[in-house]
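> First the structure, then my questions, so here it is.
The values are calculated or read from the model by the stated rules, or taken from the named source; none is laboratory data. This is a predicted model, so every value here is computed, not measured. Neighbour counts are summed over all protein chains in view; Cβ atoms, including those assigned to glycine, are modelled from backbone coordinates with ideal geometry.
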Amino acid sequence: MNKSTERISGSNLIAGLFAYMSRSIPAIVAGMALAVSVTFAWADEPGSEAVTSLESIVVTATKTPHTLRDVPVETVVVTREDIERTNAQNVIDVLKNIPGIDASVHDDVFGTYTWRAKLRGLNFNDGYGLILIDGQRAMGCGQSGGMGEYGTGLNQIPVNMIERIEVVKGPGSALYGSDAMAGVINIITKKSPDKPTGSAGVGYGWYEIKEKKSGSDTVKPSDDGHSRNLSTAYVSYGDKISDRLGYLVHYSYDSAEDIGGEPVKSYRHSFMGKLDADLSESIDLYLKCELSDYEKEDNRDEDSYRVSAGMDFRPTDDHFFSIKGYTYTWDFTHGSPGYPYGYKLGDVDYNQGEIQYTWYSSEWNTLTIGGELQKQGIDYLIHNYHINDDGTWTETEKVNVNEDVDTYSLYVQDEITLFEVLTVVGGLRYDDHSTFGSEINPKLSLMYRPLEDTTFRASVGRAFKSPTIRQLYYSTPYRHGGYYCKSNPDLDPETAVGYSASVEQWLMDNRIMVNLGYFRNDVDDMVVREDTGTEYGDPSLPLMEYRNVEEAWTQGIEFMCRTYLFEEFSASLSYTYTDSENKETGKELTYTPKHFFSFSPAYELKRYGLGASATISYIGKQYKNSDNTDQIDEHTVVDAKIFKYLSDKAKLSFEADNIFDSDKGDEGNFRTGRTFTAKLDVYF
């Protein structure tokens with residue numbers, strides 16, 4: 001593609017946006033009018049929730065604490081209160097209304113895949129968005145919704161374990177290295193309480209699976225006309241052992257019956273334990289343990305273990321040291337002997353250690369220096385089988401991978417505040433990758449506040465992503481569904497330059513926040529999987545292979561309006577326009593809708609202990625294949641929730657997802673229809 005074509009592509013962003021607006025302007029105007037009318041109806045009430053949100057401390061964007069209002073890199077925070085207003089059974093459903101995050105090809109049922117979830121047009125599952133749990137890299141698929149042993153899904157832990165989620169947009173490799181190309185999502189778990197605190201809850205739901213189209217045929221699920229079930233339960237308790245030592249223990253259970261043609265039960269037992277110690281006024285220690293046991297009854301069994309520990313040391317107000325590390329192991333068995341799609345078993349482990357020093361040299365300058373060691377290993381075996389005519393099976397070959405990948409890193413960041421209205425953040429990270437050698441990733445961000453309630457943020461940075469172990473190291477093609485896939489040891493790492501700019505405006509004494517932003521990601525050497533045109537194996541099936549494409553890009557516009565009118569009411573309206581292109585083919589990237597719009601009001605009548613919330617989502621069409629010939633149609637989904645406090649110690653809620661039974665524009669796959677869930681939470 002020549003440069004003139006690229007310039008036209010950039011202008012198409014605006015042209016496409018206005019074309020869409022001309023077709024859909026009534027719906028958008030109606031939604032915005034509703035938000036504005038509600039806003040002014042309650043304008044004389046205090047915006048206490050807005051003040052609380054503005055004062056929230058966030059750490060992910062710069063690895064240093066900032067209030068949400070003063071963080072120099074674009075950050076969105078989902079609080080515990082926000083989570084409780086949603087109908088979410090898993091994390092991806094919590095995040096679906098944040099501009100830039102696309103979770104449209106997803107059902108809010110435990111055990112379903114989230115491997116098509118994207119941030120600014122780039123896929124989480126393929127490592128373009130980094131997922132952290134309490135600041136530490138997360139791995140594993142299956143239970144988390146990822147795909148394959150390399151995949152990374154968003155549903156790492158149960159929703160009821162989460163305290164808040166910090167979403168940092170834009171390239172994050174200057175601080176976090178590989179996989180932070182589009183941004184970082186940090187899932188922060190509940191902390192140990194200052195006094196005896198306990199909670200428990202149960203939930204039960206039912207849903208039906210919609211039929212799908214296969215060519216001219218209609219295929220019904222085997223239990224057509226019958227409901228499938230989902231359930232959840234949890235218990236949590238924490239206390240102070242002494243003035244300086246506290247703990248928290250949390251257990252959670254989730255289960256559902258899948259969304260495929262057959263009802264197949266999945267379930268997960270999760271446990272988390274935390275121990276926090278304040279040894280002195282200057283030294284804090286923590287220890288955390290997470291265990292998870294996941295099973296899908298037909299062909300999956302997964303166990304994960306994470307142990308982490310750290311120490312924070314503040315010798316003076318101007319100096320801060322942090323030492324932390326963790327070890328994480330994910331054991332899995334997928335399939336069984338004779339399973340036609342392959343019998344896979346093994347383990348993936350991840351170990352990380354980090355040391356960080358922060359020097360507050362003055363009121364206007366903060367310097368951060370850190371070093372990190374990451375060690376990832378995989379020991380993995382695939383058995384490929386041929387199914388004989390009499391139903392017996394013969395093993396055709398074994399594919400074994402036993403690889404280790406080490407990365408050593410150094411990073412430096414300087415935050416400078418000039419004239420009290422301008423903050424400039426410069427960062428640089430050096431990574432030494434055991435396969436690809438050294439990478440240097442710089443980033444520059446700035447925040448300018450011309451007025452007290454007006455904030456302009458912008459950033460530009462370089463990011464890189466190493467190919468996955470599956471893409472690089474498998475010595476033999478492996479069976480994956482209806483085809484075989486071949487690794488490519490000659491792949492180059494992907495690199496990208498990301499740009500973003502946004503303006504944030506607070507109105508009416510911080511009762512209303514409006515944010516409008518633009519982003520672009522230019523990705524070189526993007527890894528794609530393509531048909532080689534040949535066949536392999538027994539039975540003979542198409543052979544796919546990974547390769548680098550010349551360049552791809554995504555760009556878009558994000559808009560969000562949040563209202564914090566008074567303690568009992570909030571509303572959020574968001575819109576995202578995303579344009580994308582594989583420059584080698586001139587086609588749009590798959591599963592990247594151009595338009596996403598949502599409106600989410602919530603109201604609580606505290607004197608009666610009643611509350612209600614809803615979400616209306618519109619998703620534009622998106623392509624399912626790289627040729628852009630097969631698509632998911634535009635569609636609208638409506639969710640709602642009502643709840644009643646039975647006392648100050650108990651809450652009963654009733655949730656309805658997909659109230660109008662939309663097929664979600666995806667007739668070619670089984671999807672959930674209308675879903676109902678009842679929950680009871682108690683506090684003690």
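> May I ask you to list the residues in the range 206-215 that are farther than 12 Å from Gly668 by Cβ and either out of contact with any Phe, Trp or Tyr (no Cβ under 8 Å at 6 or more places or on another chain) or assigned to a loop (DSSP other than H, G, I, E, B) (or both)?
The answer is Glu208, and nothing else.
> Sticking with this structure for a sec: Might you check whether a residue that is crowded, with 18+ Cβ neighbours inside 10 Å, under 27 Å from Tyr305 (Cβ atoms) and aromatic (Phe, Trp, Tyr) occurs anywhere in the range 197-212?
no
> Among the residues of the range 344-403, count how many are among the acidic types (Asp, Glu) and closer than 30 Å to Arg314 by Cβ.
Qualifying residue count, the range 344-403: 3.
> Run down Lys296, Lys324 and say which single residue is under 18 Å from Ser252 (Cβ atoms) and surrounded by 17 or more Cβ atoms within 10 Å (Cβ to Cβ).
Answer to the check: Lys296.
> I'm trying to understand the selection: among the residues of the range 171-218, which are acidic (Asp, Glu) and more than 27 Å from Asp284 (Cα to Cα)?
Hits for the range 171-218 are Asp179, Glu208, Glu211, Asp217.
> A follow-up question, please. Which number in (1) touching a residue at least 60 places away in the same chain (Cβ under 8 Å); (2) assigned to a strand (DSSP E or B) marks the one condition that Tyr341 misses?
Here Tyr341 meets the rest and fails (2).
> Kindly indicate which of Val497, Val503 is within 24 Å of Ala174 (Cα to Cα), in contact (Cβ under 8 Å) with a residue 60 or more places away in the chain, surrounded by fewer than 18 Cβ atoms within 10 Å (Cβ to Cβ) and of a type outside the set (Ser, Thr, Tyr).
Matching residue, one of Val497, Val503: Val497.
> From Val159, Val105, which residue is within 23 Å of Tyr207 (Cβ to Cβ), modelled with pLDDT of 85 or more and surrounded by fewer than 24 Cβ atoms within 10 Å (Cβ to Cβ)?
Val159
> Based on what the data block shows, is Val638 over 30 Å from Asp531 (Cα atoms), of a type in the set (A, V, I, L, M) and within 23 Å of the chain's Cα centre (by Cα)?
yes
> Report, by residue number, each residue of the range 312-323 that is within 31 Å of the chain's Cα centre (by Cα) and either among the β-branched types (Val, Ile, Thr) or modelled with pLDDT under 95 (or both).
Ile323
> Please go through (1) within 28 Å of the chain's Cα centre (by Cα); (2) buried (at least 19 other Cβ atoms within 10 Å of the Cβ); (3) modelled with pLDDT of 85 or more for Tyr484 and return the number of the only condition it doesn't satisfy.
So Tyr484 meets the others, but not (1).
> Quick one: Glu415 ticks every box in (1) without any contact (Cβ under 8 Å) to a residue 60 or more places away in the chain; (2) over 29 Å from Ser475 (Cβ atoms) bar one, so which box is it?
If we test Glu415 against (1) without any contact (Cβ under 8 Å) to a residue 60 or more places away in the chain; (2) over 29 Å from Ser475 (Cβ atoms), just (1) comes out false.
> Where residues in the range 239-267 are out of contact with any His (no Cβ under 8 Å at 6 or more places or on another chain), among the hydroxyl-bearing types (Ser, Thr, Tyr) and surrounded by fewer than 21 Cβ atoms within 10 Å (Cβ to Cβ), which of them is modelled with the highest pLDDT?
Among those residues, the one meeting the criterion is Tyr247.
> Can you name every residue in the range 353-404 that is under 29 Å from Gly537 (Cβ atoms) and hydroxyl-bearing (Ser, Thr, Tyr)?
Tyr380, Tyr385, Thr392, Thr394, Thr396
So that you can scan it fast, the table gives a plain yes or no per residue for (1) among the acidic types (Asp, Glu); (2) more than 30 Å from Met544 (Cβ to Cβ); (3) touching a helix residue (DSSP H, G or I) at 6+ places or on another chain (Cβ under 8 Å):
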| residue | (1), (2), (3) |
| --- | --- |
| Thr435 | no, no, yes |
| Thr454 | no, yes, no |
| Ser487 | no, no, yes |
| Ser500 | no, yes, no |
| Asn510 | no, yes, yes |
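> Right, here's the next one. Can you tell me which of Pro315, Pro340 is surrounded by fewer than 14 Cβ atoms within 10 Å (Cβ to Cβ) and of a type outside the set (Val, Ile, Thr)?
Working: Pro340 fails: surrounded by fewer than 14 Cβ atoms within 10 Å (Cβ to Cβ).
Being surrounded by fewer than 14 Cβ atoms within 10 Å (Cβ to Cβ) and of a type outside the set (Val, Ile, Thr) holds for just one of Pro315, Pro340, which is Pro315.
> For the range 300-312, what are the residues that are surrounded by fewer than 16 Cβ atoms within 10 Å (Cβ to Cβ) and closer than 30 Å to Gly260 by Cα?
Residue satisfying the conditions is Tyr305 alone.
> Look through the range 377-396, keep the residues that are surrounded by fewer than 19 Cβ atoms within 10 Å (Cβ to Cβ) and closer than 20 Å to Phe332 by Cβ, and return whichever of them is modelled with the lowest pLDDT. Walk me through it before giving the result.
Kept after step one, since they are surrounded by fewer than 19 Cβ atoms within 10 Å (Cβ to Cβ), are these residues of the range 377-396: 377, 379, 381, 386-396.
Narrowing the set further to residues that are closer than 20 Å to Phe332 by Cβ leaves 377, 379, 381, 395.
Details: Gly377: 86, Asp379: 87, Leu381: 86, Glu395: 80.
This residue is Glu395.
> A further question on this structure: Please find, among Ser236, Ser227, the residue that is out of contact with any helix residue (DSSP H, G or I) (no Cβ under 7 Å at 6 or more places or on another chain) and surrounded by 18 or more Cβ atoms within 10 Å (Cβ to Cβ).
Of the residues listed, the single one that is out of contact with any helix residue (DSSP H, G or I) (no Cβ under 7 Å at 6 or more places or on another chain) and surrounded by 18 or more Cβ atoms within 10 Å (Cβ to Cβ) is Ser236.
> Still on this model: Across the range 506-523, what is the total count of residues that are buried (at least 18 other Cβ atoms within 10 Å of the Cβ) and more than 28 Å from Gln555 (Cβ to Cβ)?
Matching residues across the range 506-523 total 2.
> Give just the number: which of (1) in a strand (DSSP E or B); (2) in contact (Cβ under 8 Å) with a residue 60 or more places away in the chain; (3) closer than 29 Å to Gly172 by Cα does Arg470 not satisfy?
(1)
> Here is a further query. Of the residues that make up the range 62-77, is at least one in a helix (DSSP H, G or I), modelled with pLDDT of 90 or more, more than 24 Å from Gln376 (Cα to Cα) and of a type in the set (Asp, Glu)?
Looking through the range 62-77, at least one residue is in a helix (DSSP H, G or I), modelled with pLDDT of 90 or more, more than 24 Å from Gln376 (Cα to Cα) and of a type in the set (Asp, Glu).
Every residue, every condition in (1) more than 29 Å from Asp522 (Cβ to Cβ); (2) in contact with a helix residue (DSSP H, G or I) (Cβ under 8 Å, 6 or more places away or on another chain); (3) of a type outside the set (D, E, K, R); (4) at pLDDT 95 or above, yes or no:
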site	(1), (2), (3), (4)
Glu581	no, yes, no, no
Leu589	no, no, yes, no
Thr592	no, no, yes, no
Thr629	no, no, yes, no
Asp648	yes, no, no, no
Gly673	yes, no, yes, no
Leu680	yes, no, yes, yes
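> For the range 196-224, which residues satisfy the criterion of being out of contact with any Asp or Glu (no Cβ under 7 Å at 6 or more places or on another chain), farther than 21 Å from Phe110 by Cα and of a type outside the set (S, T, N, Q)?
Hits for the range 196-224 are Gly198, Gly215, Asp217.
> Scan the range 418-440 and report the pairs whose first residue is touching a residue at least 24 places away in the same chain (Cβ under 8 Å) and whose second residue is surrounded by fewer than 14 Cβ atoms within 10 Å (Cβ to Cβ) and of a type in the set (S, T, N, Q), with Cβ atoms within less than 9 Å and a gap of 6+ or a chain change.
From residues that are touching a residue at least 24 places away in the same chain (Cβ under 8 Å), the pairs are Asp431/Ser438; Asp432/Ser438.
> Going through the range 265-311 one residue at a time, which ones are outside any strand (DSSP E or B) and farther than 30 Å from Gly342 by Cβ?
Residues satisfying the conditions are Leu279, Ser280, Glu281, Ser282.
> Inside the range 577-602, can you point out the residues that are over 18 Å from Val78 (Cα atoms) and polar (S, T, N, Q)?
Thr578, Ser580, Asn582, Thr585, Thr590, Thr592
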